[in-house]
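So the structure is just underneath, and the comments pick up after that.
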Amino acid sequence: MRRRLGIRRGTRHSGLTLRGERGRVLRIVLFVALGIGAVVALFALLKPEKQLKTSAEILRIREKGILTVGIREDIPGFSDDGTGLEIELAELFAEFLLPENGEKPVKLVTVSAQTAETKLSDGSIDAAIALMQKGASSKFAYSYPYYTDSCRVVHRSGGAKKALDDMLIGYVQNTSAAKVLNRYIDAHETKVQRSLIDKLRGIEKELPEGAVTFDKKAFASYPDMLSALVNGRIDCAVLPGVYAQLYSSDYDLEPSVSLGSISYAIAASSDEPAIAQLADVFIYELRESGRLDELLKKYSLGGE
């Protein structure tokens, strides 16, 4: 019977196995191979600092002898009147990349929220430390965050408090706060499922009673939005905590709920990723040494 079925004695335990004493050698070989593979993958993802510092972009900066960094000049605590967290980070990052060039081998170039991306793209600056949101654009490479902000809803002081879905919400288009607001709305607004046939026919379904919906209005700038808030054309406004603090006294603002967080990072062109990868190492070392916390306290920046 065994012969007719093609089964012969002694073949049951033939071939490779991971079990028992017979599989011990194979297990060792596999574990060693997996370990080597993990190390190779780690080195591929996290290039050694020494190798990064010999990349084409870093050699170009070394040949130039100075790191050109875009910074803001209008954000107290971060960069204002020649002082602030971002200015000091720019100076320390330059010393980190160019230790042989002495103290502060950096050239600071004033940028705005609009011009920082342009100057990074055209090569006018090597990096930007200018409240740039981590991951905001695929055109740029970003470091680990050096500061985490909150996205705040603000009202006029003493104004009536209502639920967010009962107010007209102001926001500035193409900003980090706008992205946080849209994510919040997408997560909390009532959605009606439509079949493929309904979509093809353009049939809209009515929202159920008690559905949660949000009304929002776009503006070109924070001053435009806050002027509309003062004039009663919107009920509340959404902006990063940094800007809420900046405009608080001028527009008599009162912050309320936070809709989420915004992380600011050192940015570089995606064509020169070694700069952002070394910025990762730089920020990590500042965090681990406690120096970043010291800088945040120095400039009275509590974060989220």
If you go through segment 243-253 one residue at a time, do you hit one that is under 30 Å from Glu88 (Cα atoms), modelled with pLDDT under 95, assigned to a strand (DSSP E or B) and not assigned by TED's automatic domain parsing to the domain that holds Leu85?
yes
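Per-residue answers, yes or no, for (1) assigned by TED's automatic domain parsing to the domain that holds Ser143; (2) crowded, with 18+ Cβ neighbours inside 10 Å; (3) modelled with pLDDT of 80 or more:
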{"residue": "Leu26", "(1), (2), (3)": "no, no, no"}
{"residue": "Phe31", "(1), (2), (3)": "no, no, no"}
{"residue": "Gly37", "(1), (2), (3)": "no, no, no"}
{"residue": "Leu42", "(1), (2), (3)": "no, no, no"}
{"residue": "Arg60", "(1), (2), (3)": "yes, no, yes"}
{"residue": "Asp80", "(1), (2), (3)": "yes, no, yes"}
{"residue": "Val106", "(1), (2), (3)": "yes, yes, yes"}
Could you please find all residues in segment 209-227 being hydrophobic (A, V, I, L, M, F, W, C), outside any loop (DSSP other than H, G, I, E, B) and over 24 Å from the mean Cα position of the chain (by Cα)?
Met225, Leu226
Spot the failing condition for Glu117; the list is (1) surrounded by 22 or more Cβ atoms within 10 Å (Cβ to Cβ); (2) in contact with a Lys or Arg (Cβ under 8 Å, 6 or more places away or on another chain), and only one is missed.
(1)
Any pair with Cβ under 6 angstrom, 6 or more apart, that starts in segment 107-125 at a residue that is in a loop (DSSP other than H, G, I, E, B) and ends at one that is of a type outside the set (S, T, N, Q) and at pLDDT 95 or above
Val111/Gly70; Val111/Lys119; Val111/Ala130; Ile125/Gly70; Ile125/Val109; Ile125/Lys119
Of all residues in segment 190-230 being modelled with pLDDT under 85 and among the basic types (Lys, Arg), the one that is surrounded by the most Cβ atoms within 10 Å (Cβ to Cβ):
Arg194
Filtered residue count, segment 136-187, keeping only those that are among the small types (Gly, Ala, Ser) and free of Cβ contacts under 8 Å to residues at least 24 places away in the same chain
4
Residue in segment 278-297 that is touching a residue at least 24 places away in the same chain (Cβ under 8 Å), outside the structural domain of Ile185 (by TED's automatic domain parsing), surrounded by fewer than 19 Cβ atoms within 10 Å (Cβ to Cβ) and among the hydroxyl-bearing types (Ser, Thr, Tyr) present
yes
Could we say that Ile234 is in contact with a strand residue (DSSP E or B) (Cβ under 9 Å, 6 or more places away or on another chain), crowded, with 16+ Cβ neighbours inside 10 Å and in a loop (DSSP other than H, G, I, E, B) here?
yes
Just wondering, is there one or more residues in segment 47-55 that are modelled with pLDDT of 95 or more and either in contact with a His (Cβ under 9 Å, 6 or more places away or on another chain) or of a type in the set (A, V, I, L, M) (or both)?
no
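The values are calculated or read from the model by the stated rules, or taken from the named source; none is laboratory data. Because the structure is a prediction, the values reported are computed rather than measured. Note that each Cβ is placed from the backbone with ideal geometry, even for glycine, and that neighbours are counted across all protein chains shown.
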